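I have placed the structure first, in the form of structure tokens, so that the comments after it can refer back to it.
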Amino acid sequence: MNKPMRRFDEVRLQTTRLDLRPLQAGDAPALLALFSDPVAMRYWSTPPWTSIEQAQASIAVDLDGLPKGEHLRLGLQSRDDGQLLGTCSLFALHPTSRRGEIGYLLRSDVWGRGLMHEALQALVQFAFGELQLHRLEADIDPRNAASARSLQRLGFTKEGHLRERWIVDGEVSDTALYGLLRSEWPGPAYPQSDGRR
Ligand SMILES: CC(C)(COP(=O)(O)OP(=O)(O)OC[C@H]1O[C@@H](n2cnc3c(N)ncnc32)[C@H](O)[C@@H]1OP(=O)(O)O)[C@@H](O)C(=O)NCCC(=O)NCCS
């Protein structure tokens, strides 16, 4: 992984309908609304959140980790009305192999409008552009059709099926592992990384 042009807490990406920006302490109520939504959390790696303290603790992890470049999580803020509609992340970064994993969650009442596709195009472009990653991965529940479709639309390939890899609230589930190589991504090379294609 190359040193990014900006520290992660300074990263701002823009798409047609969204501003992608790091979360701040004041986002805790909106973040709780996202991560307590049982529909959006159906295939997540944790149960739905139940308290504002979970949102505050999660934002505190970002405020500590972003300046260190440990992970990048960006909020999806509507350019129409300023509402926080979701988050997308780059984590499990492996600098020598220039590899990272993406994660994403969108408020369920705005699914199906291509919003996450827009956000992920910008995030993937940042990862392959400014960060110069070589490979991206995504670990999803094989039953999560919307997520699989989102990854396919970005050009990810399903590379494997890992059995009984997660236990969430007592429910055992498998992993579908997806991968995307820099050489498969049609976006511009470094240093353009503003999400425009
Ligand atoms: C996955 C998710 C981000 C997709 O967001 P979205 O903005 O609705 O996605 P898009 O509108 O870009 O749609 C992507 C594709 O999925 C399809 N899709 C959307 N909702 C769907 C659903 N409930 N079931 C099946 N397909 C669905 C869309 O039709 C589209 O397919 P297309 O390219 O053939 O038109 C959203 O469903 C979500 O937040 N899910 C919960 C969190 C999650 O599971 N995250 C993944 C784990 S890391």
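Under the condition of being outside any strand (DSSP E or B), modelled with pLDDT of 95 or more and away from the ligand (no atom under 16 Å from the Cβ), the residues counted in region 139-197 number 5. State whether the residues of region 13-20 include one that is touching a Ser or Thr at 6+ places or on another chain (Cβ under 6 Å) and not charged (D, E, K, R). No - not one qualifying residue is present in region 13-20. Condition check for Glu159 on (1) out of contact with any Leu (no Cβ under 9 Å at 6 or more places or on another chain); (2) farther than 30 Å from Arg12 by Cβ: one failure, at (1). Where residues in region 89-137 are farther than 23 Å from Thr46 by Cβ and among the hydrophobic types (A, V, I, L, M, F, W, C), which of them is surrounded by the most Cβ atoms within 10 Å (Cβ to Cβ)? By that ranking, first place goes to Ala127. The residue pairs whose first member lies in region 38-56 and is touching a residue at least 12 places away in the same chain (Cβ under 8 Å), whose second member is within 13 Å of the ligand (Cβ to nearest atom) and among the acidic types (Asp, Glu), and whose beta carbons are closer than 6 Å, counting only pairs six or more residues apart or on different chains, are Tyr43/Asp141.
Of the strands (runs of 3 or more DSSP E) lying entirely inside region 1-117, the ones with 2 or more residues being at pLDDT 95 or above and away from the ligand (no atom under 15 Å from the Cβ) are found at 18-21, 84-94.
Quick one: would you say Leu74 is on the phi < 0 side of the Ramachandran plot, among the aliphatic types (A, V, I, L, M) and under 15 Å from the mean Cα position of the chain (by Cα)? Against the criterion (on the phi < 0 side of the Ramachandran plot, among the aliphatic types (A, V, I, L, M) and under 15 Å from the mean Cα position of the chain (by Cα)), Leu74 qualifies.
Of all residue pairs spaced 6 or more apart or on separate chains, those with beta-carbon atoms under 6 Å, a first member in region 106-135 that is charged (D, E, K, R) and a second member that is near the ligand (Cβ under 10 Å from one of its atoms) and part of a helix (DSSP H, G or I) are Arg107/Leu34. Kindly indicate whether any position in region 123-138 is at pLDDT 95 or above and within 9 Å of the ligand (Cβ to nearest atom). Yes: one or more hits.
The values are calculated or read from the model by the stated rules, or taken from the named source; none is laboratory data. Please read all numbers here as calculations on a predicted model, not as lab measurements. With ideal geometry, Cβ positions are generated from the backbone for all residues, glycine too; neighbour counts draw on all protein chains shown.
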